[in-house]
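Below is one structure; the comments refer to it alone.
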Amino acid sequence: MSRPLLYAANWKMHHGPAAARAYAARFLELTSPAPGRDLWFFPPAVSIAATADAFARRSDIRVGAQHTHWESKGAFTGEISNGMAAEAGASAVLIGHSERRHLFGETDEQVAKLTVSALAAGLIPLVCLGETLSEREGGRTEGVVLRQIEAVAARVPVEAWRTIVIAYEPVWAIGTGRNATPDDAAQVHRLIRGELLRLGMQARVRILYGGSVNQGNVLALLAQEELDGVLVGGASVDPDGWAELVGVG
Ligand code: PGA
């Protein structure tokens, strides 16, 4: 595959610092840098430093935070700031993941604020979008995805899309074993690109697909030129499986 590909591992609530170090040691044994392949890891906050330290000598690997707060400090019990995540070794941050939107009530407005604050702190925002099953079945995929992009676009200058990475993750496909067909995914990616172009962004913005990606389906998904990579939860939690997946695709 000729275009550069980004493989992002979202560990979710797996791997404390000791497990993260063991994971990294195993993954380093199994893989070497490959041209045109970027590997990003999103460990839980407490494991960012351990993961970043363990992967420090690999220039193809970036570590990010799963969640930050938009304020830089203050009385926000349980939160961490972008600056703190960066100090621990993060250079990217997941924003608007469907679990944050649906389990923790994150709104489009908050997603936009988080994107602005991550950019200001020098972190790369990996902004997640996607429709729920009832939205898809009700024919509202396009409207939902456009609304989610426009909420961010209302707050960031058009040039910021050069830095932002987008992940299209249909909510019904996350952790369910049910994924969008490569054609369905590519169709929504085209919709997103069309909207970014309409907003004035000429450069190709990286758009990943996420939702039940595994070793068995990654190749067919990445055969679609619209996909610049994948964002993977379940199939990234084990280092052997993840090394295989990033090698297959
Ligand atoms: P999954 O999760 O690969 O387990 O479906 C994807 C994600 O939540 O980013």
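Miscellaneous remarks
- Criterion (among the basic types (Lys, Arg), closer than 21 Å to Leu221 by Cβ and in contact with a helix residue (DSSP H, G or I) (Cβ under 7 Å, 6 or more places away or on another chain)) met by exactly one of Arg147, Arg155, Arg136: Arg136
- Residue that is within 26 Å of Ala65 (Cβ to Cβ), open to solvent by 10 Å² or more (accessible area, probe 1.4 Å), away from the ligand (no atom under 16 Å from the Cβ) and of a type outside the set (Gly, Ala, Ser), where the choices are Glu150, Glu137: Glu150
- First in the range 92-109 and touching a residue at least 60 places away in the same chain (Cβ under 8 Å), second anywhere and away from the ligand (no atom under 14 Å from the Cβ) and open to solvent by 60 Å² or more (accessible area, probe 1.4 Å), Cβ under 7 Å, 6 or more apart: Ala92/Arg62
- Which numbered condition Ser91 misses (of (1) within 14 Å of the chain's Cα centre (by Cα); (2) closer than 13 Å to Tyr209 by Cα): (2)
- The range 105-134: number of residues that are open to solvent by 10 Å² or more (accessible area, probe 1.4 Å) and in a loop (DSSP other than H, G, I, E, B): 6
- Number of the condition not met by Val158 [criteria: (1) touching a Leu at 6+ places or on another chain (Cβ under 6 Å); (2) open to solvent by less than 40 Å² (accessible area, probe 1.4 Å)]: (2)
- Complete set of residues in the range 6-42 that are open to solvent by less than 10 Å² (accessible area, probe 1.4 Å) and over 12 Å from the mean Cα position of the chain (by Cα): Ala20, Tyr23, Ala24, Phe27
The values are calculated or read from the model by the stated rules, or taken from the named source; none is laboratory data. Everything numeric here is computed off the predicted structure, so don't read it as measured data. Neighbour counts run over all protein chains shown; Cβ positions are idealised from the backbone, glycine included. The area values use the complete protein model at the heavy-atom level, side chains included, leaving out ligands, DNA and RNA. Shrake-Rupley method; radii C 1.70, N 1.55, O 1.52, S 1.80 Å.
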